[in-house]
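Below: the structure, in structure tokens.
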Amino acid sequence: MHDIPLFDSLTHPTLDGTWIGSVPCKNTLPELESEMAANKVEWAFAVGMKGIGGYALEAYADYIRSASQKVFPIAYYDFNESDTGREIARKLENILQCGYSGIKLHPGFSRIDLRSQGLREVLGEAGSRQLPVLLCTFLHRQTYNASPCSYVDFGPLLNSLPQTSKIILVHGGDVNLLALMEISRPYRNVLLDLSFTLCRYERSSVDLDIRYLLQQFDQRICVGSDNPQFSLARFRRRFDELAAGLDREKSLNAAHRNLQAFIGVS
């Protein structure tokens, strides 16, 4: 499988090369591109995170766009429950004008209740602009407006969205992987993403779940590293291991075709 090019659904190169905790590291775009070349990762989302690595909306888009045509910038959407529809539209238009390929919503960092009307408005407005949304599904050790959320809350959320919405469920529900696949299966505008989960739970029962998804739902998933949390070398190795023996067409779908079709690139 090593000859199959990968589309990394989640990387985080930063403007100043640092990552969480402001610890200096080689977390730059040139370093990412070097890792991509060494591991046959041909495309990647570069996702900005508010308050990390010097992130600023316009500067980050310029930084990513100036270096590579196959690394696509994703904006951190600065969610505020009190935003009016006009303010949501203004933020999204600004993101589009900066040249971003999508937005990232992080319920933990932004303290978003998955049942909130504000979240539905943001997702709906993004959908009307054909702007894909990366929605984090890692719910552990986090509190949302003092009310714990569950992966089951994604069902009513997805059901409330128009068909124009394009949603990538980042990390795929981690240890709730199969459950979230069943929840999202009716919605053809939703991809289940395996970034972080692919590497984090190595040699656990989750490996069996991932192999099952690759076999049975190859057209509904995408893969990624969550770099710099995990290296692209490890991402490459894990994909090759888990896709070993899989039909080549199914491997290609999960490796890059699904994400390419989702955002309209080749």
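The values are calculated or read from the model by the stated rules, or taken from the named source; none is laboratory data. Note that the coordinates shown come from a computational prediction; the quantities given were computed from them, not determined experimentally. Using ideal geometry, Cβ is built from the backbone for each residue, glycine included, and neighbour counts are taken over all protein chains shown. Just so you know, the surface numbers come from the protein's heavy atoms only, side chains and all, with ligands and any DNA or RNA stripped out. Shrake-Rupley method; radii C 1.70, N 1.55, O 1.52, S 1.80 Å.
For (1) in contact with a helix residue (DSSP H, G or I) (Cβ under 6 Å, 6 or more places away or on another chain); (2) more than 20 Å from GLY124 (Cα to Cα), each residue gets a yes or a no:
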residue	(1), (2)
ASP62	no, yes
PRO73	yes, yes
PHE79	yes, no
GLY99	yes, no
Do we have CYS98 as over 28 Å from ASN27 (Cβ atoms), of a type in the set (A, V, I, L, M, F, W, C), out of contact with any strand residue (DSSP E or B) (no Cβ under 6 Å at 6 or more places or on another chain) and touching a residue at least 40 places away in the same chain (Cβ under 8 Å) here? no
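How many residues does the stretch 101-118 hold that are over 18 Å from GLY51 (Cβ atoms) and touching a residue at least 60 places away in the same chain (Cβ under 8 Å)?
From the stretch 101-118, those over 18 Å from GLY51 (Cβ atoms) are 101-102, 113-118; that's our starting set.
From the residues that got through so far, the ones that are touching a residue at least 60 places away in the same chain (Cβ under 8 Å) too are 101-102.
So the answer is 2.
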Given the residues GLU87, GLU42, GLU31, GLU93, which is the only one that is charged (D, E, K, R), open to solvent by 40 Å² or more (accessible area, probe 1.4 Å) and in a strand (DSSP E or B)? GLU42
Can you tell me which residue is modelled with the lowest pLDDT among those in the stretch 139-163 that are within 15 Å of LEU123 (Cβ to Cβ) and in contact with a Lys or Arg (Cβ under 9 Å, 6 or more places away or on another chain)? GLN163
Where LYS104 falls short, out of the listed (1) surrounded by fewer than 20 Cβ atoms within 10 Å (Cβ to Cβ); (2) assigned to a strand (DSSP E or B): (1)
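Taking the stretch 208-222 as the region of interest, how many residues are closer than 17 Å to VAL175 by Cβ and surrounded by 16 or more Cβ atoms within 10 Å (Cβ to Cβ)? Outline the logic, then answer.
Just the residues of the stretch 208-222 that are closer than 17 Å to VAL175 by Cβ, to begin with: 208-213, 221.
Restricting the remaining residues to those that are surrounded by 16 or more Cβ atoms within 10 Å (Cβ to Cβ) gives 209-211, 213, 221.
Residues in the stretch 208-222 being closer than 17 Å to VAL175 by Cβ and surrounded by 16 or more Cβ atoms within 10 Å (Cβ to Cβ): 5 in total.
Give the stretch 223-237 a look and list any residue that's open to solvent by less than 40 Å² (accessible area, probe 1.4 Å) and under 19 Å from THR137 (Cβ atoms), or say none.
Quick first cut of the stretch 223-237, residues open to solvent by less than 40 Å² (accessible area, probe 1.4 Å) only: 223-227, 230, 232, 235-236.
Of everything in the stretch 223-237, those that are open to solvent by less than 40 Å² (accessible area, probe 1.4 Å) and under 19 Å from THR137 (Cβ atoms) turn out to be VAL223, GLY224, SER225, ASP226, ASN227, PHE230, PHE235.
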Of the residues that make up the stretch 121-131, is at least one open to solvent by 60 Å² or more (accessible area, probe 1.4 Å), in contact with a Leu (Cβ under 6 Å, 6 or more places away or on another chain) and either of a type outside the set (Gly, Ala, Ser) or touching a residue at least 12 places away in the same chain (Cβ under 8 Å) (or both)? yes
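What do you reckon, is TYR151 hydroxyl-bearing (Ser, Thr, Tyr), open to solvent by 60 Å² or more (accessible area, probe 1.4 Å) and over 23 Å from PHE230 (Cα atoms)?
Values: hydroxyl-bearing (Ser, Thr, Tyr): yes; open to solvent by 60 Å² or more (accessible area, probe 1.4 Å): yes; over 23 Å from PHE230 (Cα atoms): yes.
Yes.
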Quick one: count up the residues across the stretch 223-266 that are assigned to a loop (DSSP other than H, G, I, E, B), at pLDDT 95 or above and of a type in the set (Ser, Thr, Tyr). 2
Test of understanding: among ALA255, ALA243, which residue is surrounded by 14 or more Cβ atoms within 10 Å (Cβ to Cβ) and touching a Phe, Trp or Tyr at 6+ places or on another chain (Cβ under 9 Å)? ALA255
Working carefully through the options ILE64, ILE74, find the one that is closer than 30 Å to SER231 by Cα, in a strand (DSSP E or B), modelled with pLDDT of 95 or more and of a type in the set (Val, Ile, Thr). ILE74
Quick one: which of GLN163, GLN219, GLN215, GLN229 is of a type outside the set (Asp, Glu) and within 22 Å of LEU32 (Cβ to Cβ)? GLN229
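It is to be established whether one or more residues within the stretch 9-21 are without any contact (Cβ under 8 Å) to a residue 24 or more places away in the chain and either open to solvent by less than 70 Å² (accessible area, probe 1.4 Å) or outside any loop (DSSP other than H, G, I, E, B) (or both). Give the derivation first.
The initial filter retains those residues of the stretch 9-21 that are without any contact (Cβ under 8 Å) to a residue 24 or more places away in the chain, namely 21.
Subset that is either open to solvent by less than 70 Å² (accessible area, probe 1.4 Å) or outside any loop (DSSP other than H, G, I, E, B) (or both): 21.
Looking through the stretch 9-21, at least one residue is without any contact (Cβ under 8 Å) to a residue 24 or more places away in the chain and either open to solvent by less than 70 Å² (accessible area, probe 1.4 Å) or outside any loop (DSSP other than H, G, I, E, B) (or both).
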